[in-house]
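Scroll down for the structure; my scribbles are underneath it.
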Amino acid sequence: MHNTKVGVDLAEKVIQVCVFRKKSVNSNKEMSPETFMDWLANSKPMTVVFEACGTSNYWMQKAQEHGHDARLISAKLVETVRQNQKTDKNDALAVIQAAMLPDVNFISGKTPAQQQLQSMQRMRELAIKNRDALKKQLRSLLLELGIRTGNKKGGMLMAIDEVLEDADNGLTGEFRRALHTAREQLSVAIETVKAYESGLESAIKLHHDCKKLLKLESVGPVNAVNLYMTLACNDSEVFSKGKDAAACIGLTPLQHSSGGKTKIGSIGKKVKNSMLRSQLITGAMAVVQQLKKRPAKTEKEVWLKGVIERRGKKRAAVALANKTVRTAFAMLRDGTEYVTKPLVVTA
């Protein structure tokens, strides 16, 4: 870190900037976004720490462009460190205090490419929620009228078409028109999800680091993008090794140790990367299910079969997800490709 440290509390219209130099606070004042940008451009290199929140990646990138050592810090840590009431001034000061703690873990920021991939991922997730909500609502409303759609061949759209074509089901013209509108809305939602998924697959092809993650077992386009956003462009101060990344995602057991006694519990449930963890475990479970139906072909599959026999399918899926994260971390850190080791059969 530089001798001059700056704590920044970001908001939409105002930015609170606290400057700490020579063991004391030199200033703690409010700036507009335009003034803050000019201030960064005209200041000598310093350590600028932003509380991780909306727009923090953008401002971190701008600070780096002007030659500053820019970092992101956990908002939860800042809240814990803050000593007085919550104000912009106290928050900005708490950012500096949190950054000066020993062995503090900063948050890895995202590049513009990662931000765009993340935005596409978020759009897809919202589209899926809207699509599923429409399906559930239509299925429930029709069931109230005694019409069972179920899981018919052709999906919900085909089921609604059959309902609209049935002239003897007692539906009024007004309801039929409303149902037709809902059917069109659902059709658009389905096509929207497909368009986002196609866009993600195309975007992956433009990112070599993201593309090579697809070679890992249990990793599809969604998991490849999420792993790339979480692990790529990593700073050694964020994750020094693969198991730290796995712990951040929530794939390692929680430790409750005291008085020289070590107690290992289950994997943590309250983590910020819960969606990524869920998707990784779901993908790993698919691999576990397939492996039970055929013999192992690689050394990794022999290991996984052993975990399944000793610990069961669910724990094996978590173990595989853990290994996937650690392998992905090593691949992105070292710039290597994933190569499986075939099983050597000795006579």
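The values are calculated or read from the model by the stated rules, or taken from the named source; none is laboratory data. Nothing here was measured: the structure is a model prediction, and the numbers come from that model. A quick note on method: Cβ atoms are made from the backbone with ideal geometry, for glycine too, and the neighbour counts reach across all protein chains shown. SASA here: full protein model, heavy atoms, side chains in, ligands and nucleic acids out. Shrake-Rupley method; radii C 1.70, N 1.55, O 1.52, S 1.80 Å.
Summary of values
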item: Filtered residue count, segment 165-181, keeping only those that are at pLDDT 90 or above and either of a type in the set (A, V, I, L, M, F, W, C) or within 40 Å of the chain's Cα centre (by Cα) (or both); result: 5
item: Neighbours by Cβ (under 8 Å, 6+ apart or cross-chain): first from segment 120-143, closer than 23 Å to Leu171 by Cα and in a helix (DSSP H, G or I); second open to solvent by 40 Å² or more (accessible area, probe 1.4 Å) and at pLDDT below 90; result: Leu142/Arg148
item: Helices (runs of 4 or more DSSP H) lying entirely in segment 182-269 (those with 1 or more residues that are out of contact with any His (no Cβ under 7 Å at 6 or more places or on another chain), open to solvent by 80 Å² or more (accessible area, probe 1.4 Å) and at pLDDT below 90); result: 208-212, 242-249
item: Whichever residue in segment 13-47 is of a type in the set (S, T, N, Q) and farther than 20 Å from Gln61 by Cβ and, among such residues, is surrounded by the fewest Cβ atoms within 10 Å (Cβ to Cβ); result: Ser24
item: Qualifying residue in segment 138-160 (condition: out of contact with any Cys (no Cβ under 9 Å at 6 or more places or on another chain), under 30 Å from Ala330 (Cβ atoms) and not hydrophobic (A, V, I, L, M, F, W, C)); result: no
item: Residue, surrounded by the fewest Cβ atoms within 10 Å (Cβ to Cβ), within segment 96-114, restricted to residues that are part of a helix (DSSP H, G or I) and at pLDDT below 90; result: Pro112
item: Matching residues, segment 297-317, being within 23 Å of Ser274 (Cα to Cα), in contact (Cβ under 8 Å) with a residue 24 or more places away in the chain and out of contact with any helix residue (DSSP H, G or I) (no Cβ under 6 Å at 6 or more places or on another chain); result: Lys314
item: Whichever residue in segment 48-95 is within 21 Å of Glu34 (Cα to Cα) and among the acidic types (Asp, Glu) and, among such residues, is surrounded by the fewest Cβ atoms within 10 Å (Cβ to Cβ); result: Glu65
